[in-house]
Structures are given as structure tokens and as C-alpha cells.
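The numbers here are math on the coordinates, done by the rules we state, and not lab data. As the structure is a computational prediction, the values presented were derived from the model and not from experiment. Neighbour counts are summed over all protein chains in view; Cβ atoms, including those assigned to glycine, are modelled from backbone coordinates with ideal geometry.
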Amino acid sequence: MLMRNLKFADGASVPIVGQGTWHMGENPAERSNEVAALQLGIELGMTLIDTAEMYGEGGAEEVVGEAIRNRRDQVFLVSKVYPHNASRKGVPEACERSLRRLGTECIDLYLLHWRGQYPLAETVEAFERLKDAGKIRRWGVSNLDLDDMRELDAPDCAVNQVLYNPQERGIEFDLLPWCQAQGLPVMAYCPIGQGGDLLRHQTMLEVAQRHNAEPAQIALAWALRQSNVLVIPKSSNPAHLRANASAAELTLHADDLALLDEAFPPPSRPRPLQMV
């Protein structure tokens, strides 16, 4: 399977379908399955792996570290720092802990998980020092709305990771167009929703049937219809992983999109940024 790629401003190329790890590392009994799932995902071309110090309080990073052992050069590694660690002093300390858990010397992309008490400029300064020290290759943000991005005003920001799926499309009103105009990639988390409600929706089932596909593939293809967007679904199920990877090849038609717009209307006004 040939995975389509997206390029960052510095020329780095990443697959448009990566792997999320939220809720991994929470149950020791699931660890071997989670490691195997990430490794299968890598083999399927989903070589971008997104994690965070928050996930399982470091447990997900440990799972990722085990999964990428002896294959670090195949993977584009993303992790995130807690807002309460996003100070001049806290960022490098948190990064060192993440590096140890991940078993690597450098994180490819390091994100501020969401905005907290510390000024964005202070966090960016800490990120730039990590970059100069070779601890991270690039940095970005997560869960920042348009006003935050304008305040950030940082051309070196590599990505904004936000909630985006057919049920949560508020970013389409202003944030997504702004990011696209800036050439700033958007990384969509929870692209297939949460809890399964989206995937059981009658319209999703109908469009999936048209394409002989799974509803999750429709949700991913729907997000990927946008330029400069990549998705990071999480799964430990081998069949779901294969379906996620192949979603990059699926193209939705105008009548499919019209049906989905009817079921999940696009925003007609600004909305507060949604987070989970």
C-alpha cells in the first residue's frame, strides 16, 4: 500500500494517516497488543505516531518506546507537553522524561498540549532551546484557536493539532481556512469520533455502503478531503488498522459530501474550539 504524504514547511514528509495512542499504556494486560498494533501500523505505512506525557501518565510513551525499538528511523515521533509543564524550566525537564520513556534521543515534533498559565512566548522560547540542543526537530501546538494562533504569530510553528470529524467541524469556519492560508498543517485528533456514535449514524452507514467501506474509513476520507490535513486515528485492532491505512486511497464524491453536510451541517458562525 502506497501511503500519501504531507510535507511540513521544512520539507519533512509524513503520512496523511498516522496513529494515535490516547488510552494506550493504561492497562498492563493490553501492552503487548498495543505494541503489536503500533508495529503493524508502521508496516502499513502509518509511520507517524502521536503520543503525549498525559496519556497514561507516561504509559503510552513507554508503549511507543517499546514498539519503535530497533525501528526508530522508520518513525516520525510526535509527543506533547502538559500545560503545567510548559514553562522555561518545565519544558526541558518534561522533554527529558518523555525522551527516556520513548527510548530516543530526539522527538520529531513536540507540541504544547493545550494552552495553560504560561505565556505562549515563554513556551516557544523553551521549545527553541530544545531544538537548538537537538532534543526536538520541530515544535507545534495543540488545541489552539484562531485568536491563540494569531497571538502565537510564529512562522516556525509546524502544526496545530485539533479535534476534527464530521460531528465536530467548527474549525471549518475560521481556524482551518486560516491555517490553510498560512500553509500550516492541521493534525486531526479523534477523526472517527468517540464512543462509536458517529460510526453508527445512518448517513455514515449509507455512504460507507456506497463505497463498500467501513464508516471509520468514510470519516477519515472526509477529513482528508481538506488540503494540508492529516489524521491520527487510534486502534489496537488489526482489521481496523488495515482499514484506517487504506482510507487514504478513498475519495468521496460530491453527492457523498452533500449527504454528509445534510447530516452534519458545516458551521455558519464562529464557535468556541472544542476539545476532548
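Karplus-derived 3J(HN,Hα) values for the range 218-233, using 6.51 cos²θ - 1.76 cosθ + 1.60 with θ = phi - 60°, are 5, 4, 5, 4, 4, 5, 6, 5, 7, 6, 6, 10, 10, 10, 10, x Hz; glycine and proline are entered as x.
Normalised by the residues of the chain, what does the relative contact order come to in percent, with Cα pairs under 8 Å and at least six apart? Let's see the in-between values first.
Values: 526 pairs, mean separation 53.6, N = 276.
Relative contact order of the chain: 19 percent.
Taking the square roots of 5 times each eigenvalue of the Cα gyration tensor of the range 6-112, largest first, gives ellipsoid semi-axes of 20, 18, 11 Å. For the chain, the Kirkwood radius over C-alpha pairs fed into Stokes-Einstein at 20 °C and 1.002 mPa s yields D = 114 µm² per second. Taking all Cα pairs closer than 8 Å and separated by 6 or more residues, the relative contact order of the range 1-85 comes to 30 percent. Normalised by the number of residues in the range 136-220, the average gap of Cα pairs under 8 Å and 6 or more apart makes the relative contact order 25 percent.
Here the Karplus relation 6.51 cos²θ - 1.76 cosθ + 1.60, evaluated at θ = phi - 60°, turns the backbone of the range 143-155 into coupling constants of 6, 9, 7, 4, 4, 5, 5, 5, 5, 4, 6, 10, x Hz, with x for every Gly and Pro.
Enumerate the aspartates and glutamates that K89 could reach by cross-link, defined here as Cα to Cα under 12 Å, with residues fewer than 8 away along the same chain left out. Of all the aspartates and glutamates, those that pass the test against K89 - Cα under 12 Å, at least 8 places apart if same chain - are E122, E125. Using the alpha carbons alone, the radius of gyration of the range 105-194 stands to its Kirkwood radius in an Rg to Rh ratio of 0.98. Karplus-based coupling profile of the range 101-115, in residue order and whole Hz: 5, 7, x, 9, 9, 8, 9, 5, 8, 10, 10, 6, 5, 7, 6, with θ = phi - 60° in 6.51 cos²θ - 1.76 cosθ + 1.60 and x standing for Gly or Pro.
Just to confirm a number: summing +1 for Lys and Arg and -1 for Asp and Glu over residues other than I218 whose beta-carbon lies under 10 angstrom from that of I218, what do you get? In short, -2. Considering only A219, A52, A94, the Gaussian network model of the chain with Cα springs below 10 Å gives its largest mean-square fluctuation to A94. Backbone amide hydrogens, once placed in the peptide plane, bring F76 within less than 5 Å of L48, I49, excluding anything fewer than 5 places away on its chain.
Counting Cα-Cα pairs of the range 199-252 in 10 Å increments starting at 0 gives whole-percent bin shares of 25, 57, 17.
Only aspartates and glutamates eight or more places from K234 in sequence, or on another chain, were considered; those with a Cα closer than 13 Å are E34, D50.
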